[in-house]
Structures are given as C-alpha cells and as structure tokens.
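Undergrad: Input: one structure, supplied below.
Just so it is clear, none of the values below were taken in a lab; they were calculated from the coordinates. Remember, predicted model here, so these are calculated numbers, not experimental data. FYI the Cβ positions are ideal-geometry reconstructions off the backbone, even for glycines, and counts take in every protein chain you see.
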Amino acid sequence: MFRSLLPGIVALCAAVPSLAQVTPAPFTLPALPYAADALDPAIDAQTMTIHHDRHHKAYVDALNKAVAADATLSGQPLETLVARAGTLAPSVRNNAGGHLNHGFFWKTMAPVARSGRPSPALAAAIDRQFGSLAAFKAAFKEAGTKRFGSGWVWLLVTPDGALAVTSTPNQDNPLMDVAEVKGTPILGNDVWEHAYYLKYQNRRAEYLDGWWQVVNWQVVSDRYAAASKR
C-alpha cells in the first residue's frame, strides 16, 4: 500500500526544501526559516528555540540511530520510511514522522507581515468544502482540541481532490499507510504540549486561535496547487 502514497509524499518533500534536502540518511536538522522570535506573540522565542533545537533535533538523532541499527533501512529516504511506517519499528515510525512533520511545520509559518491570505483557488475550495474560512478554522480548532493527548491537526487534499480536516496521534501524519484519513497535507499544526505550554499552559484552544496569525498562506496555497494538479 505504501507505494501508492509515494507520489504525494515525494511531491510534498519537493515542495518543502528543508525536507527535500534531508533525504536519504543520515538525516540532518534543517534551520528555522526565520529567527526564533519572529513569530512572537503567537509563539514565543523560548518555545521556538526549545521546540526546534531540542525536540526536532531529538527526532533526527533518534531516527539516524534507528536506521543505522537496521541494515534493511540503509539509504532509504524519509518519504519511503513515512509511507511504510506501519511496517516499521516504532522507533522508526515515530522519529521519521517527527522529522517530516516538524520540517513541514516550520515552513507552514511566517512572521505576521508575511502571513498573507489563501489564494483565490484555495479560498474557493475552502468555501465549497466548509462554507467559509471561519467555518474551516472552527473545524480545524475542534479537531485540534479534541485530539486526546499528543498529536497533530491537518488540512489535507484527499485522493479525490477534496479538502478534509483530520488529526493524527503522536507523530503520525496523513501520508502514512496507517493513517485513518489519507491524503496530502497542505497545512498542519503541532498540538503536542511542548509546542505551546510555556506560553499557553493548558489552553490549547487559545494556542490554536493565536496560531492563525502566523500561518504562511502563500506556502499553503502553493501546496494546494501542487496537490490539485496530481
């Protein structure tokens, strides 16, 4: 099954330079595409620094260690590991997902001055699927707040070209063979507590509301255009 997911994953990685540059192993930690304080006040500098320099780095280091311990995984690119996550050891599944998800996440955001708005094509698709941008944001927030424990919330393009909101546990994502809802993610938010707890404590809903200030709609719109062509 994972082979059927590869085109979407490869295209996603190609659309996100920080992902395309880290395959195959050994994997490396991409730099943030902005200063650590650039997303303040939505996300504070201390949270960004710890999230990137410690948490993301830990996924990269653990993934390299796990791949090095299994000769059958030698040289396999990140997109292949993610696509067949359900067939791999938890150490590979969790850390490959964590590496890809975070590389995607950093590119999903930008300082407020560069955040922009959805493209006309994406805005029209959101209106068709959800009724309005406000209704989409409400659905996204609901999925994020209802995700029990740690995980992610996503806007994705399904195989039939529709938009859908879903959430995944831990470091899973919609590109994996184990995903309940499969598709090509174009926007995703990290709802692990380490992504928001220093500033928002247990107020995940407040974090999800504030996050819209720094969504890089140009990047999200470009991802939508690429996914729609497929």
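Undergrad: If you average 1/r over all unlike Cα pairs in the range 114-229 and invert the result, what Kirkwood radius do you get in angstrom?
TA: The Cα-based Kirkwood calculation yields 14.4 Å.
Undergrad: Report, in debye and to the nearest 20, how large the dipole of the range 114-229 comes out about its Cα centre when Lys and Arg carry +1 and Asp and Glu carry -1 on their Cβ.
TA: The calculation lands at about 300 debye.
Undergrad: Then there's this: Nearest 500 deg cm²/dmol is fine: what mean residue ellipticity at 222 nm does the chain get from its DSSP H runs of n ≥ 4 alone, each adding -39,500 (n - 2.57), divided by its residue count? Before the final figure, lay out the partial values.
TA: Numbers: 11 runs with 111 residues, N = 230.
Mean residue ellipticity, 222 nm, calculated: -14000 deg cm²/dmol.
Undergrad: If you add up the charges near Glu193, with Lys and Arg at +1 and Asp and Glu at -1, over every other residue whose beta carbon is less than 12 angstrom from its beta carbon, what do you get?
TA: For residues surrounding Glu193, the net value is +3.
Undergrad: Can you tell me which lysines have their Cα less than 16 Å from the Cα of Lys182? Leave out same-chain residues fewer than eight positions away.
TA: Answer for Lys182, where 16 Å is the Cα cut-off: none of the lysines qualify.
Undergrad: Also: Semi-axes, largest first, in whole Å: what does sqrt of 5 times each Cα gyration tensor eigenvalue give for the chain?
TA: The answer is 26, 21, 16 Å, longest axis first.
Undergrad: Arrange Arg204, Arg54, Arg114 by Cβ neighbour counts within 10 Å, fewest through most, would you?
TA: Arg54, Arg114, Arg204
Undergrad: Pull up the cross-link candidates among the aspartates and glutamates for Lys65, meaning alpha carbon to alpha carbon under 20 Å and not fewer than 8 places away within one chain.
TA: Asp53, Glu79, Asp172
Undergrad: I want to check the label-to-label distance for Thr28 and Ala225. Put each point 7 Å from Cα in the C-beta direction and report it in nm to one decimal.
TA: Label at Thr28, label at Ala225, 2.9 nm between them.
Undergrad: Something else about it: What net charge do the residues around Phe130 carry, taking every other residue with its C-beta under 14 Å from that of Phe130, with Lys and Arg at +1 and Asp and Glu at -1?
TA: Details: positive: Arg128, Lys137, Lys141; negative: Asp127, Glu142.
Charge balance near Phe130 sits at +1.
Undergrad: Here's a follow-up. Say we join alpha carbon atoms closer than 10 Å with springs in a Gaussian network model of the chain; which of Pro120, Pro185, Pro111 then has the biggest fluctuation?
TA: Pro120
Undergrad: Give me Lys229, Lys65, Lys199, Lys107 sorted ascending by neighbouring Cβ count inside 10 Å, so fewest comes first.
TA: Arranged by neighbour count, lowest to highest, Lys229, Lys65, Lys199, Lys107 become Lys229, Lys65, Lys199, Lys107.
Undergrad: Another one. For the chain, with a Gaussian network of springs between Cα atoms less than 10 Å apart, report the residue from Ala110, Ala42, Ala205 with the top mean-square fluctuation.
TA: Ala205
Undergrad: Work out the charge dipole of the chain with +1 on the Cβ of Lys and Arg and -1 on the Cβ of Asp and Glu about the Cα centre, then indicate which of Met109, His55, Gly131 is farthest towards its positive end.
TA: Gly131
Undergrad: Let me ask you something else. Cα to Cα, under 27 Å, and not fewer than 8 places away if on the same chain: which lysines meet these conditions relative to Lys199?
TA: Reachable lysines: Lys57, Lys107, Lys137, Lys141, Lys146.
Undergrad: So what are the range 173-225's ellipsoid semi-axes, whole angstrom, largest first, if each one is the square root of 5 times an eigenvalue of the alpha-carbon gyration tensor?
TA: With the √(5λ) rule applied to the range 173-225, the semi-axes are 24, 17, 7 Å.
Undergrad: Based on other C-beta atoms within 10 Å, arrange Glu180, Glu142 from fewest to most.
TA: Glu180, Glu142
Undergrad: Count neighbours as other Cβ atoms within 10 Å of each site's Cβ, and list the chymotrypsin sites (Phe, Trp or Tyr not before Pro) in the range 91-191 that are DSSP loop with at most 12 such neighbours.
TA: Listed in order of number, the matching sites are Phe148.
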